[in-house]
Structures are given as C-alpha cells and as structure tokens.
Amino acid sequence: MQLYGTEIASRLMLGTAQYPSPHVLAEAFRRSGAGIATVSVRREAGGERAGAAFWDLVRELGVALLPNTAGCHSVREAVTTAQMARELFDTNWIKLEVIGHADTLQPDPFGLVEAARILSEDGFRVFPYTTEDVVLAERLLAAGCEVLMPWGAPIGTGLGLTNIYGLRTLRAQFPEVPMVIDAGLGLPSQAAMALEMGFDAVLLNTAVAKAGDPAGMAEGFARAVEAGRLAFEADPMEPREMAAPSTPVIGKAFLA
Amino acid sequence: MRAKVLGAGVAGLCVAAELVARGCEVTVFDPAPRPGPHGCSWWAGGMLAPFCEGETAEEPVVRLGREAVDWWQRQGVRVERHGTIVLTLGRDRRELDRFARRVEGHAALDAAGLAALEPDLGGRFDRALHVAAEAHLDPRVALLHLRDRLEREGVAFVEGPGPAGGPTFDCRGLAARDSLPDLRGVKGEMAVLRSPDIRLARPVRLLHPRFPLYVVPRADGHFMLGATQIESDDRRRSVRSVLELLSAAYALHPAFGEAELVEIGVDARPAFPDNLPRLRRRGETIHVNGLFRHGFLLAPALARMAVEAACDHTTPELMDEDHD
C-alpha cells in the first residue's frame, strides 16, 4: 500500500494513547505488526518538549509516525499543532483532526477543508479525519489531500461501520484514492469488513488500548485486517437469495 | 548499619521507617527535607485502592498494594477503612460492567445500598460497586506524621544532596533521572475543593470514557479531585484539565458547583516504561523508584523489599541490577 509515495507494509495502523503503560503499548505494536503509529501532540506539548520521554518510547517502536491534531477545535489550533508536530517528529505527514462537536467529536467539515488547504500549501502531506460524505471528500481532494480517513463511527464508540451505504458510495466514487477507516471500530470483525469493502487500511486506538489484553486484541485486529484484504483481493462471490449447493446433487439419492 | 536515604518523599520516608525498625542509623538527605508542595507525594490522592488500580495496573500492584493499609496504620497514621465506591453516569453504565469484570473484591450496590453507604449520593445513581477492603488516608498528614515520628526516633533530616558512598537508598523520584534514564514523568493535575454541603465517607471513582475522576474526602469538608494522566513532565496546570476535573465533579454531585476552589495542583509522577516500580541495585546504592500513581499504595512494600535486600541479602521481585 502506498501513502504519499511511501510503501507501507501493514494495513493496520494504531494510535498510541490510553494504554495501561508504554510497555503494553510496545507489546501491542509488536503483536499487531502495525506499520504506522499515530501520536497526539497537543496535550502533551507543554513547553520545551515536555512529552519527550514518551515520544522517545514511541519512536523506539520502529514504525512510521503519523502525528495528529487530536483535540483541535479550530483551523488555527490545528495548523499550529501541525507545524509543531513537523518540528517535533521531523515529518510532513499530519493526521488532520478539526473537531466540530464536543460530544460526538465529529469533524468540522468546513474547518477541515480550510485547514487541509493551508497545510497542503505549506508542504504537509495531509491525512484528513473526515466523515463518509462524498462532497466533503471531493473538497478535501481539491484542497490537496491524496489520502482520506473516513470514520466508521464516532471516536472511541466501538460501534463499527455505522453507515455502510455511505461508505460504499465513498469507496466507489474515488476508487484510486487510498482510504483508511479511522475511528469507531471496536472489534476485529468490523475491521475485516472495512477491508472486504475495499478500504485500504484501518486505524484504531481505543479498541486495542482499552481491551483487557491490548496485545491480544492487537493481534486479533491484525489477523482480521489480513483476512479482510485477502477476501477483497479474491473477488468474493455475490450474495444471492436461492440456495446453491456447492456439490452437484444430480445422481445423489436425494429423494431417498 | 548506617544508611543514607536520598529523598524525603513517600518512598524515602517509608524506607527510613523500615530501616529504623531494623535498628539502623538513618540520615535522610533532601534539598527540601520537610514534606511540601515541592514533592510529588504532596499531590497524591491517598487512596489505598489496590483492587481498583488493578483495572489497568499489572498484578504486582494489586498484590503488593494490599500491604499498604496495615502498614500505614502501624505507623500511627489515621487510615479510613470504608472501601471505595465506583460509579458511572447513566449513559456510561456499561463502563461499570467492564470495570466489574476486570476488578476483584467488589460487591454490587443498588440505589438503596448506595444510599445506605453514602446518603448524599442516594437517588442520584441506581447502581454502583463497593470495594470494601480498600481505604484512604490524607497524604499530607501521613507524610508530616511519619517525618516527625522518624525525627523523634533519631533520624537526621539534612538539607542538601547528601555525600557519595556507603549504603544508600536513592528515593529521589523524578530527580533521579540523572542516573535512571528509563524513568519518565507522567503529569497529574488535581484540585482541592471545600464544600459544607456534601459528605462522603469514602473515595468515589467516577468511570468515564473520557474524563475519569476520583473524589477523596478529607477533613473539614475538603475533597481532593484527581487526577489527569498525561505523558509529559511539564508542570503547567492547564485550563482544559481543570475544566474536565471540575465538570466531572459537578456531574457527580451538583453541590460541587457551589464548592470553594481551594487549590489546583500538578506534578509529574516518576514511572518506568511498564508503569511498575523498581528496586535497582547499583553497587552500594539501591534505587527505589517508578512508583507512578501508586506512591502511598506501593511505597510500604517497596521499602520493605529494599531493606530486606540490603539487610538480608535477598533479591526481591521487581529488583534489577545494573552498573554504570
């Protein structure tokens, strides 16, 4: 899978927040084989790199880092945070979150497009956290984004893919654009479904970090993502109403 | 044996107490040898809650933490043994089921059961957990009590970093990063409120997917609200954290809206990557560090183990050895 020209081996991405300890976090990454770690900048960014000790532990994971603007509610906050992240992590990748609603944490589509444009013009490679809205996707692509990160459900809910129709439409509208289902996944089966539908990858955090055994859950997601992708590439059968036996019945004593 | 203890926080004082109990001659060195706001322990909640901590902490925390209640009581510290109440707001009630699955030692309460234990919470929550074997203390009272008692028993408290050499227990917390590079700071913010309108007999934990909160009652209508947990060693008290703590307290009981805001505190907890404490032996020095959010809970066990290692030449669990 290529994201902004970089080959990423794993289709599973993990967040780095809310784990019981950095040690458990590292174990979850090891078992998941995740190729990208998202890392939140804003809260920890006290003066003079106060979060440096934790960031060093995240760097030691040895995976590509995707800093995010989690918790930003305005364009200006998000842009400033992105610039800070570029300094801190020496990358022009940014997962752009502009939150529009405090309770559902759903993206502010207007702020998102504006921030994406500003950051793209400034040389950032923007990974926007967006809804399944096709028009919004179009605007984000026009603003310079080459990857989209539609939500499955609101952040941290674990509800899975709540609008299958909308997500299918989005996937079908932009077949060439890499898309990562970001947020809302709670179970590996939901991740498998996203990959079966042709999404390129999934990003999750709470589902792993808050599981009783985060490393075990991480491995569960890794296998599901692999299964889902294999199924997508294998061109699955179409569902149908009528039963169709896989072994011919002719010649069998089915009337006996 | 003559021994030096570096650091007069909860770890240093507990080690000094264990040494004195073995008849050792003890000097405690600290740049500020009287407990106060310069030390991380000052900002602690004082919950002795090994079972609840087991929600996220590893097994040794739950097991070793069970020594804490009796240990503090033996030191003459007032320990309130009324357990812990665990609650959720209505729409988060499934958090309570998850917590109940992962934590031992609790009993389910219905509305009447909760009202019987905590009348001021009656009618506000229809379901709760009671973790009866837990307890709490006032950490500041405990620190001052222990220090004064040790001084009366002949422990010298000396201002300054302390000379090198000889048997040493290094309990300097985050300040020991100069020799423990794998130590990091985890920021915690807390607030103290005073309200004459609410009475609680025991700590209350409010489970919330975004803003977990605990409230620990203290003397004279005071309540400690804690605590954020942020991967940073910065010590700014952020508006956002205080808003979260106060909003959660208000959701727990609206009378907190009328409370007096007495104090907002912050410090960085010393932690190793697995958030478990360590005894690290280096020549004649034993580091006692990484107590994370479990200072008052784990310092008694760690102090016992450190002193056993020094006096009885044992190698206790959580001990590792390295050389400069």
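The values are calculated or read from the model by the stated rules, or taken from the named source; none is laboratory data. Treat the numbers as computed from the prediction; the structure is a model and nothing was measured. Cβ sites come from the backbone with ideal geometry, for glycine too, and all protein chains shown count toward neighbours. Note: accessible area is taken over every heavy atom of the protein model, side chains too, but ligands, DNA and RNA are not part of it. Shrake-Rupley method; radii C 1.70, N 1.55, O 1.52, S 1.80 Å.
Some observations on this one:
- When only alpha carbons are used to place a centre, segment A:164-189 and segment B:15-50 end up 54 Å from one another.
- Counting, for every residue in A:56-68, the Cβ atoms of other protein chains within 10 Å of its Cβ and taking the mean gives 1.
- The stretch between A:GLU241 and A:ASP122 holds 37.6 nm of extra length on full extension. This uses 0.36 nm per residue minus the Cα-Cα distance.
- With every protein chain in place, segment A:9-234: carbon and sulfur % of accessible area (1.4 Å): 51
- Per-peptide packing, taken as the mean over residues of other Cβ atoms within 10 Å, places B:305-312, A:202-209, B:70-77, B:131-138 in the sequence A:202-209, B:131-138, B:305-312, B:70-77 from highest down.
- In terms of its alpha-carbon gyration tensor, segment A:9-234 comes out oblate; a/c meets the 1.5 threshold, while b/c is at least as large as a/b.
- Computed from protein heavy atoms with a 1.4 Å probe, the total accessible area buried between B and A is close to 1700 Å².
- In degrees, nearest ten, helix B:295-312 long axis to first principal axis of chain B (Cα): 20
- Accessible surface area normalised per residue over chain A is 46 Å², counting heavy atoms of protein chains with a 1.4 Å rolling probe.
- Ranked by the mean number of other Cβ atoms within 10 Å of their residues, highest first, the peptides B:211-220, A:146-155 fall in the order A:146-155, B:211-220.
- Mean residue ellipticity at 222 nm, helices only, the protein assembly as shown: -10000 deg cm²/dmol; runs of at least 4 DSSP H residues each add -39,500 (n - 2.57), and the sum is divided by the number of residues.
- Going by accessible surface with a 1.4 Å probe and the largest first, B:ASP267, B:ASP320 read B:ASP320, B:ASP267.
- Rounded to the nearest 10 degrees, the inclination of helix B:10-21 to the longest alpha-carbon principal axis of chain B is 60 degrees.
- Approximate spin-label separation A:PHE174-B:ASP182, in nm, with each point projected 7 Å along Cα-to-Cβ: 4.4
- Cα-projected label distance for B:PHE211 with A:GLU87, points at 7 Å along beta-carbon direction, nm: 3.0
- Difference of contour (0.36 nm per residue) and Cα-Cα distance, A:MET1 to A:ASP56: 17.1 nm
- Relative to the dominant Cα principal axis of chain B, helix B:139-152 is inclined by about 30°.
- Peptide A:10-23 is shielded by partner chain Cβ atoms: per residue, an average of 3 of them sit within 10 Å of its Cβ.
- Restricted to Cα atoms, chain B shows a radius of gyration and a Dmax of 19.6, 61 angstrom.
- Sorting the segments A:116-127, B:242-253 by their residues' average number of neighbouring beta-carbon atoms within 10 angstrom, most packed first, yields A:116-127, B:242-253.
- Put simply, the convex hull of the Cα atoms in the protein assembly as shown casts, on average, a shadow of 33.3 nm².
- Shape call, segment A:131-238: gyration tensor on alpha carbons, a/c limit 1.5: oblate
- DSSP-defined beta bridges in segment A:9-234 - what % are antiparallel, rounded to 5: 5
- Neighbourhood charge, 13 Å Cβ-Cβ cut-off, centred on B:VAL288 and excluding it, Lys, Arg +1 and Asp, Glu -1: +3
- For the protein assembly as shown, the share of DSSP beta bridges that are antiparallel, to the nearest 5, is 50%.
- DSSP-defined beta bridges in chain B - what % are antiparallel, rounded to 5: 65
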